[in-house]
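This report concerns only the one structure given below.
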Amino acid sequence: MAKVKAALLFLAVAVTAHADWTILSARSEPGRAGVVHRHVVLEDSETNEGATIDLAVFSTKSCTLRLIDQPSPPRSDLAHVMRQERCLAGVNGGYFDPNYAPIGLLIADGKAIAPLRRAGLLTGVLAASARGVQILRIREFSRQQKADAAIQCGPFLVDLGQRVRGLEATRTARRTFAAVARADRAALGFCSDVSLSELAKILATTRLADDFRIERALNLDGGSSSAFWVARDSSALSIPEQKTVRDFVAIVPR
């Protein structure tokens, strides 16, 4: 009987380990300056739970990232700021405290606003400089790079094309993230309610867009802060935040 139970347990673990997210549908719509909006509907083959991801995919040869800071009230929502600043797409940015002070490094328009911090959750930096758009480990980031925009956040979701293990797997929430791929491609994205572990698995194992194999991905502030906006040929798509946030990450022409 003990051997039978052990065999059943092994089988259950094996099935769970091989459970995967599959794409049910996907569509793309061109935006401005080569930015492409990608909407993907997925399903977990093990639990039959669904998720949707919206991506703004761009070439770092024609576009870059800009950090838009809102240090004092009144603070506007993402859609308003994106239109006002004539951005191509954008998401909410990093973490902030109850007084709206940024938690971790924040550089906007080349100006350092908040310093780098050592904290367990803040494992990476999303940066834009003359070198392009990068997602860096804290130890890899140097102020000598003279970033035009940078924001510290985390946790890392994907590294070297592989999902990061050991991420929180029980709490689901709206998620916002940044991702970089080969061939000078990058994306900002929004995902419906999933855990950090599931988001890492989706990004690492699912080809969400053609010619876009994610090499690194970094989680941004999630939950009620999560927001996504992209200007398309037909009309802008807006997924609004549920509370006011401190800053935004925007895609802009180079």
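The one condition from (1) part of a loop (DSSP other than H, G, I, E, B); (2) buried (at least 22 other Cβ atoms within 10 Å of the Cβ); (3) among the aliphatic types (A, V, I, L, M); (4) touching a helix residue (DSSP H, G or I) at 6+ places or on another chain (Cβ under 9 Å) that Leu116 does not meet is (2). Within the option set Ser142, Ser235, Ser197, being polar (S, T, N, Q) and within 14 Å of the chain's Cα centre (by Cα) holds for one residue only, Ser197. Being open to solvent by 50 Å² or more (accessible area, probe 1.4 Å), of a type outside the set (Val, Ile, Thr) and farther than 23 Å from Arg66 by Cβ: is that true of Arg165 here? Here the answer is yes, as Arg165 does meet what is asked. Does Gly189 count as among the small types (Gly, Ala, Ser), open to solvent by less than 10 Å² (accessible area, probe 1.4 Å) and part of a loop (DSSP other than H, G, I, E, B)? Answer is no for this residue. Among the residues making up the range 132-164, a single one is in a loop (DSSP other than H, G, I, E, B) and among the aromatic types (Phe, Trp, Tyr): Phe141.
The listed residues are Ala79, Ala51, Ala26, Ala33, and the only one of them that is under 19 Å from the mean Cα position of the chain (by Cα), assigned to a helix (DSSP H, G or I) and surrounded by 14 or more Cβ atoms within 10 Å (Cβ to Cβ) turns out to be Ala79. Note on the range 4-23: residues that are modelled with pLDDT under 90 and either open to solvent by less than 40 Å² (accessible area, probe 1.4 Å) or under 19 Å from the mean Cα position of the chain (by Cα) (or both) total 2.
The values are calculated or read from the model by the stated rules, or taken from the named source; none is laboratory data. Predicted model, so just to flag it, every value in this text is computed and none were measured. Neighbour counts run over all protein chains shown; Cβ positions are idealised from the backbone, glycine included. When the accessible area is computed, the model is the full protein with side chains, heavy atoms only, and any ligands, DNA or RNA have been set aside. Shrake-Rupley method; radii C 1.70, N 1.55, O 1.52, S 1.80 Å.
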